[in-house]
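Comments concern the structure below.
The values are calculated or read from the model by the stated rules, or taken from the named source; none is laboratory data. The structure presented is a predicted model; accordingly, all values stated were derived computationally and were not measured. Here the Cβ is made from the backbone with ideal geometry for all residues, glycine too, and neighbour counts use every protein chain on show.
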Amino acid sequence: MASLRTLTVVRTAGSLARNLSRSASTKASSANSARSRAALLAGSAAAGLTGYGIYKSLSRTTQDDIAATVQAVVPSNTLAAASPPKSQDSVWSPGKDHAVYLWIHLKPEANLKEVAKVCSKLPKMVDTVVDPTMKDEDDEILAGVGFGPNFYAQVAGKTKKSFVYPHRKGALGDMPSSGGDVFIHAKSNQVSKLFELSQLFLRSLPKDSVQSSEDIYSFVYQNGRDLSGFIDGTENRADDEGRQEVAVEKETGGSYVITQKWIHDLNLINTEKPKNLEAWVGRERGDSTEISRKSITSHVARMTGGNGFQQPKPVEIVRQSMPFGSVSGEAGLFFIGYAADPYNFEFMLDRMVGAGGDRHSDDVMRLSKNVKGTYWYFPGEQELAKLA
Ligand code: HEM
């Protein structure tokens with residue numbers, strides 16, 4: 001057990017880090033709660049800072065600087081003895097201008113241990129693409145790798161919680177279960193760096209091990225809006241502590257992840273009455289104001305468990321979804337959410353497809369079609385290193 005002195009030193013180090021972090025970024029501290037975010041949303045002038053954009057706070061480079069300062073004043077063995085397992089860089093860090101979502105299915109004959117070894121080198125690959133001594137907020141990459149349940153069970157054993165994604169059928173559409181073995185989520189302001197990382201990763205995998213892969217490059221649209229025009233991310237936790245609390249399993253540093261590819265019906269979005277769209281979502285499109293008397297079938301009511309105004313949330317997830325696609329082809333939302341417990345996804349998905357007990361489906365499914373989805377486990381940093 002950690003001694004009292006150790007704990008005191010660690011707490012002091014923690015508060016030093018927090019104080020440094022506060023002075024390093026007023027933007028971060030101003031975005032410290034979902035409520036202050038809601039206040040910022042009032043008025044269209046603030047709209048440019050909302051949604052996705054607002055949780056772009058302290059860069060990982062700045063966080064590394066803080067960590068280095070803390071390490072300089074606290075003996076490293078003291079910190080190592082008491083610090084909780086760390087999560088991978090993608091899990092609760094702020095958003096960037098672009099993300100890549102790389103979804104890989106392996107061939108049945110692939111050597112899983114060899115694949116896992118390559119995956120454990122992801123942090124090194126990130127350093128190959130962006131020189132760690134040169135990187136700044138603009139070209140740093142925040143990346144993480146996750147695994148499907150079968151793959152992870154075979155290379156590392158059981159996770160604390162099981163995560164199985166069933167095919168869901170709903171009155172407003174299905175949610176197919178697509179499976180998958182390895183998934184990379186990486187964020188950067190430079191889309192070319194993400195392309196480079198995907199290419200390096202795929203080329204590093206053992207020859208002939210990939211059955212199929214899809215890499216989707218996403219972008220921030222209108223300062224943080226979904227392609228439907230609604231601000232996305234309003235009720236996401238904005239502060240680092242809150243995001244960790246929601247996304248990270250304390251004992252392991254691991255995180256459970258949902259990914260879903262949604263193709264929007266842009267024709268319907270452009271022609272439907274704005275009032276109807278707002279009723280489907282449960283928020284106003286301009287500034288994300290919550291509709292006080294909303295339908296039980298609105299997206300917000302489905303996700304929060306009821307249609308009360310500012311309904312207390314029974315469960316939460318950290319959403320990092322972003323728009324993707326092309327005008328002449330398909331476009332939509334790549335939905336990705338992190339949670340310390342996969343039950344949180346189950347609660348939400350069941351309530352979207354009419355399996356949440358009250359049989360209602362989610363009206364957001366009127367404007368988009370889910371074409372692909374599954375769950376992953378993003379092991380903690382130490383768990384990942386063990387796969388080497
Ligand atoms: C086409 C797919 C989707 C679209 C366009 C969409 C869009 C939105 C929008 C506009 C909001 C309101 C603003 C906000 O708080 O971010 C929202 C809220 C939310 N969405 Fe989605 N969403 C989609 C799918 C999903 C899925 C699949 C989940 C869960 C697995 C989900 C979970 C949530 C949650 C938890 C909230 C916050 C509710 C609250 O606390 O008020 N969304 N979404």
Could you list all residues from region 298-327 that are more than 9 Å from the ligand (Cβ to nearest atom), under 26 Å from K96 (Cβ atoms) and either modelled with pLDDT under 95 or not in a strand (DSSP E or B) (or both)? Q320, S326, V327
Tell me which of these K294 doesn't satisfy, since it passes every other one: (1) surrounded by 21 or more Cβ atoms within 10 Å (Cβ to Cβ); (2) within 24 Å of the chain's Cα centre (by Cα). (2)
Inspect region 166-184 for any residue being more than 16 Å from the ligand (Cβ to nearest atom), of a type in the set (S, T, N, Q) and either outside any helix (DSSP H, G or I) or assigned by TED's automatic domain parsing to the domain that holds Y338 (or both) and give the result as yes or no. no
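Within region 337-356, take every residue that is of a type in the set (A, V, I, L, M) and more than 11 Å from the ligand (Cβ to nearest atom) and give me the one that is farthest from D232 (Cα to Cα).
Ranking the qualifying residues of region 337-356, first place goes to A355.
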Here is a list: P342, P314. Which entry is assigned by TED's automatic domain parsing to the domain that holds S218, closer than 23 Å to V371 by Cβ, under 25 Å from the mean Cα position of the chain (by Cα) and not charged (D, E, K, R)? P342
Within region 340-373, track down each residue that is of a type in the set (D, E) and in a helix (DSSP H, G or I). E346, D350, D363
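Looking at region 374-387, which of its residues are in a strand (DSSP E or B) and among the polar types (S, T, N, Q)?
T374
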Surrounded by 19 or more Cβ atoms within 10 Å (Cβ to Cβ), in contact with a Leu (Cβ under 8 Å, 6 or more places away or on another chain) and not β-branched (V, I, T), is that true of L277? yes
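Of the residues in region 74-120, how many are part of a helix (DSSP H, G or I), aliphatic (A, V, I, L, M) and at pLDDT 95 or above?
The total comes to 4.
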I need a count of the residues in region 140-190 that are over 18 Å from F345 (Cα atoms) and over 19 Å from the mean Cα position of the chain (by Cα). 11
